[in-house]
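The values are calculated or read from the model by the stated rules, or taken from the named source; none is laboratory data. From a predicted model like this one, the values you see are computed outputs, not experimental measurements. Positions of Cβ are backbone-derived with ideal geometry, glycine not excepted, and every protein chain shown enters the neighbour counts. The area values use the complete protein model at the heavy-atom level, side chains included, leaving out ligands, DNA and RNA. Shrake-Rupley method; radii C 1.70, N 1.55, O 1.52, S 1.80 Å.
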Amino acid sequence: MFSDDRLKQILLGAKIIADQKTVDDLFAKAQAEKTHLENYLLNNKIISEQTLYAGAADYFKVPFVNLKKQLIRQDILNLIPEMAAQEHKIIAFDKDEQKIKIALLDPTNLEILEFISKKTNLEPEIYLSSPDSLDDALKQYRKDMQSEFKVINEGADDAKGKKKKSEEAKLELPIVKIIDTLLEQAFYENASDIHIEPTEKETAVRYRVDGILMNVMTLPKTAHAALVARIKVLANLKIDEHRLPQDGRFKIIQANNKISFRVSILPTLYGEKVVMRLLEEKPQIMSLEQIGFQPKSLEIVKKNIKKPHGMILVTGPTGSGKTTTLYTILNMLNSPKVNISTIEDPIEYSIPRVNQSQVNPKIGYTFANGLRALLRQDPNIIMVGEIRDNETAEIAIHAALTGHLVLSTLHTNDALTTLPRLLEMNVPSFLVASTTNLIIAQRLVRKICRECIQSYYLDKDEIAQLKKQINLDKIMASLQAEKIVTETEKNFEKLLFYKGKGCPECGNTGYKGRTGIYETLSITPELAKLIAKGAPESELREEAAKQGMLKMIEDGFAKAKNGITTIEEVLRVTKE
């Protein structure tokens, strides 16, 4: 990232922005948002990353190179050690007998260029690249996992050939290297979880990427016990305990990122299964727009989080992004003027200026006890990780009633079923009506890969199949109400949808990254009256429809029509 002063010089010097006043205005706006000028320009799409860095290349009088999809020879790539390449954002992509071509982000970094010159005995020829292009090229350091572990399989085969005992064979395997490579590869693949699963004859390794598990490789069964032991050492767990489940945590630093791994070990029929959840220590807290809220839903959420008290509930199954939504809202509310306290299980991300506490049922520190303690800490805003029982529900409702803004989650299928769920927890209906401000239901869908996206029209058979599963007339009405389709697109045969063809960038899946689909139910005075008198769910749904609440599946189809996700993904997560 360029410093603000340097970037101003680049913008004017390369004539990306013509006049000083415009640059000063943009800088003032960036300062108002407490962000760097480069972040502000790119996040608000004022200029593209390619334009910015191509202009910077002109300013520094060096050529610009786009390394996306450019295959670099392994011998050239290895001229710069991976650690130095990742740390300094620099890569060698070509050479001849006298010169080595170097792509980087900072051509003023003379120290690293001198290091390369001495190491290779070649003269560096400098090219400027964009961060996106360079990150793509740096992935080429990640070799094929199977070749990484070839030595391990050969070691196991050799042990069998010599008829050695399995214990001796295990000691020969480079276990530390296996674990290091697994963790590192998971980080570069953007995996959220690593599964190490013992079977009768081998050990399977799988990563969860964009919510879907994918096979990475299989290892010899002889390695399993040593793998688990190494993970237990990292997570500070009992190595000699094989009969009981264990939970732990450890951290690594990778490419200037601190990654926390949450470890769960479970005894199974063929050995101990390990699942590790990857959590960034300093995650990039996104805005509500970035996590997928449409303008109408966004307005409802922003209006309700400004209220000084009441309850905001986020619902959905495990892994639907509820915590991310709550953290995003907390980040919007976070300021020195308010005291924010949370009680979580577990604490996933650390947020500056927020007092975060983790439950520990083993010593009697539950959500209910923790919430009672929080109320004595003079909070303005409270986040409860999850409302699981009657006691927690009761305390949370009373906290919302006595002047606190309470944020929490529940496991329900949609926004409206949250209301009867609270009533089942013996919370009086008049309290639910008077304290609940907003209910958000959500799911996560995979986004179409931008590198291989293509459009298509639904054929008659596909439309017929959809009609059996969902009410297409209602979907069309919602798309028209949201002004996503034009007057000429009144039937599904004329609507253009999108999907990913599959390419190396997305691992031939057609998807890369995830976003949310939502329904936001604001508890209006009319809805509150119905809740207070115990009206049936059908009446509540009628009132929500009158308010124009966009259902989750409708929000999903809007995103499918806009080329963000596919119809198949929307149907997969909504199960309608």
**Request:** Would you mind putting 191-201, 78-88 in packing order, based on average other-beta-carbon counts within 10 Å, highest first?
**Result:** 191-201, 78-88
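Rounded to the nearest 0.05, what FRET efficiency do residue 481 and residue 450 have when you use their Cβ-Cβ distance and R0 = 41 Å?
Taking R0 as 41 Å, the efficiency between residue 481 and residue 450 is 0.90.
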**Request:** Report, to the nearest whole %, how much of the accessible area of the range 357-458 belongs to carbon and sulfur atoms, 1.4 Å probe, protein only.
**Result:** 47
**Segments 388-399, 478-489, 442-453 sorted - mean Cβ within 10 Å per residue, highest first** = 442-453, 388-399, 478-489
**Item:** Fraction of accessible area attributable to carbon and sulfur, the range 172-280 (%, probe 1.4 Å)
**Value:** 51
**Prompt:** Taking only DSSP H segments of four or more residues, each worth -39500 (n - 2.57), what value at 222 nm results for the chain once the sum is divided by all its residues, to the nearest 500 deg cm²/dmol?
**Reply:** -11500 deg cm²/dmol
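Subtract the Cα-Cα distance of residue 337 and residue 75 from 0.36 nm times their separation in residues, and report this length gain in nm to one decimal.
Result for the pair: 88.7 nm of gain on full extension.
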**Prompt:** Which order do peptides 120-130, 455-465, 38-48 fall in by mean Cβ count within 10 Å, highest first?
**Reply:** 120-130, 38-48, 455-465
**Item:** Carbon/sulfur fraction of accessible area - the range 42-98, other protein chains in place, 1.4 Å, %
**Value:** 51
**Fill in**
the range 525-561 and the range 3-46 have their Cα centres apart by a whole-number Å value of 43
**Cα-projected label distance for residue 50 with residue 298, points at 7 Å along beta-carbon direction, nm** = 2.5
**Prompt:** Which value in nm describes the separation of the simple spin-label points at residue 33 and residue 538, placed 7 Å from the Cα toward the beta carbon?
**Reply:** 4.9
**Message:** To test your reading of the geometry: what angle, between 0 and 90 degrees and rounded to tens, separates the Cα axis of helix 4-13 from the longest principal axis of the chain?
**Reply:** 70
**Prompt:** Once you have the alpha carbon radius of gyration of the chain, what is it after dividing by 2.2 N^0.38 Å, with N set to its residue count?
**Reply:** 1.10
**Request:** Would you calculate the separation in nanometres between label points at residue 82 and residue 270, each defined as 7 Å from the Cα along the Cα-to-beta-carbon direction?
**Result:** 2.8
**Request:** Report, to the nearest 10°, how far helix 537-546 tilts away from the longest principal axis of the Cα atoms in the chain, using its own Cα long axis and a range of 0 to 90°.
**Result:** 70
**Prompt:** In the range 4-141, with Lys and Arg counted as +1 and Asp and Glu as -1 at Cβ, which of these residues, 67, 28, 13, has the Cα nearest the positive end of the dipole, that is, farthest along it?
**Reply:** 67
**Asked** Rolling a 1.4 angstrom probe over the protein heavy atoms, how many square angstrom per residue are accessible across the chain?
**Response** 51
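Please get the size of the charge dipole for the range 4-141, origin at its Cα centre, with Cβ charges of +1 on Lys and Arg and -1 on Asp and Glu, quoted in debye to the nearest 20.
Computed charge dipole of the range 4-141: roughly 220 debye.
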**Fill in**
Placing +1 on each Lys and Arg Cβ and -1 on each Asp and Glu Cβ in the chain, then taking the dipole about the Cα centre, the residue among 553, 225, 215 whose Cα reaches farthest towards the positive end is 225
**Request:** Rank these by accessible area, largest first, 1.4 Å probe: 555, 414.
**Result:** 414, 555
**Asked** Going by alpha carbons, how many degrees (0 to 90, nearest 10) lie between the helix axis of 224-234 and the longest principal axis of the chain?
**Response** 80
**Prompt:** Under a point-charge model restricted to the Cβ atoms of Lys and Arg (+1) and Asp and Glu (-1), what is the dipole moment magnitude of the range 288-574 relative to its Cα centre, in debye to the nearest 20?
**Reply:** 480
**Request:** Heavy atoms only, probe 1.4 angstrom, no DNA, RNA or ligands counted: give me 559, 258, 303 ranked by accessible area, highest first.
**Result:** 303, 258, 559
**Request:** Please report, in debye to the nearest 20, how large the charge dipole of the chain is about its Cα centre when each Lys and Arg carries +1 at its beta carbon and each Asp and Glu carries -1 there.
**Result:** 580
**Dipole of the chain, positive direction: furthest Cα of 328, 500, 453, with charges on the beta-carbon** = 328
